[in-house]
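Everything below concerns the one structure shown next.
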Amino acid sequence: MKQIDQSLEIMALAIQKARTTMNENIGGPFGAAIIDEFGDLIAVSSNSVLRDHDPTAHAEVNAIRLACKNKGTHDLSNCVLYTTCFPCPMCLSAIMWSNIKKVYYGCNAKDAAQIGFRDDFMYDFIKGDLKDIQVLDLENKNREECLVLFQEYHDKDKELY
């Protein structure tokens, strides 16, 4: 892939991708780029929620999916993510699950809120011990049967990720 030397150039790629797809009504002003430990660009993507009719098609998630596909792995340890905005709770989780440890972001969550994006209620829900049923009603069900499934996975020494 193309060697990128400057972090400003990497962020510029994320911004340009976001601007292009935003103007095509594919998604919002969100773009992301990922480089590997050698500084090689492995993914540039943007938000495609509107085109894909997929609320999970955020720039960071799309970039992680593309980077994993390009690298042939689910583990992006030692990679760095650049994104046009502070990641939402879903994207933060995806970043952590992919083992990315460094993220550079442009706008912050308040900047996104000022133009109408609504991440705050998710952060408040998490801070509030996941108890606001107006946001999401979480109820434990069939734990014993699910524990059997989990034990099977453990007993078969399946790969942890």
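Residue by residue, here is whether (1) modelled with pLDDT of 95 or more; (2) of a type in the set (Gly, Ala, Ser); (3) within 12 Å of the chain's Cα centre (by Cα); (4) outside any strand (DSSP E or B) holds:
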residue	(1), (2), (3), (4)
Leu76	yes, no, no, yes
Met96	yes, no, yes, yes
Lys110	no, no, no, yes
Ala113	no, yes, no, yes
Gly116	no, yes, no, yes
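Residue under question is Phe30, and the condition is that it be of a type in the set (Phe, Trp, Tyr) and surrounded by fewer than 20 Cβ atoms within 10 Å (Cβ to Cβ); does it hold? It is false that Phe30 is of a type in the set (Phe, Trp, Tyr) and surrounded by fewer than 20 Cβ atoms within 10 Å (Cβ to Cβ).
Of note, Asn23 satisfies the criterion of being more than 24 Å from Leu160 (Cβ to Cβ) and either touching a residue at least 12 places away in the same chain (Cβ under 8 Å) or open to solvent by 10 Å² or more (accessible area, probe 1.4 Å) (or both).
For residues that are closer than 16 Å to Cys91 by Cα and among the β-branched types (Val, Ile, Thr), scanning just segment 102-137, find the one that is most open to solvent (accessible area, probe 1.4 Å). Looking at the filtered set, the residue picked out is Ile126.
Of the residues making up segment 58-92, those that are surrounded by 18 or more Cβ atoms within 10 Å (Cβ to Cβ) and under 30 Å from Gly116 (Cβ atoms) number 17. When segment 138-157 is filtered for residues that are in a loop (DSSP other than H, G, I, E, B) and either under 23 Å from Met11 (Cα atoms) or open to solvent by less than 100 Å² (accessible area, probe 1.4 Å) (or both), only Asn142 remains.
The values are calculated or read from the model by the stated rules, or taken from the named source; none is laboratory data. As the structure is a prediction and not an experimental result, all values here were calculated from the model. Positions of Cβ are generated from backbone atoms using ideal geometry, with glycine treated the same way; all protein chains shown enter the neighbour counts. The protein model used for the area step is the full one, side chains on, heavy atoms only, and it has no ligands, DNA or RNA in it. Shrake-Rupley method; radii C 1.70, N 1.55, O 1.52, S 1.80 Å.
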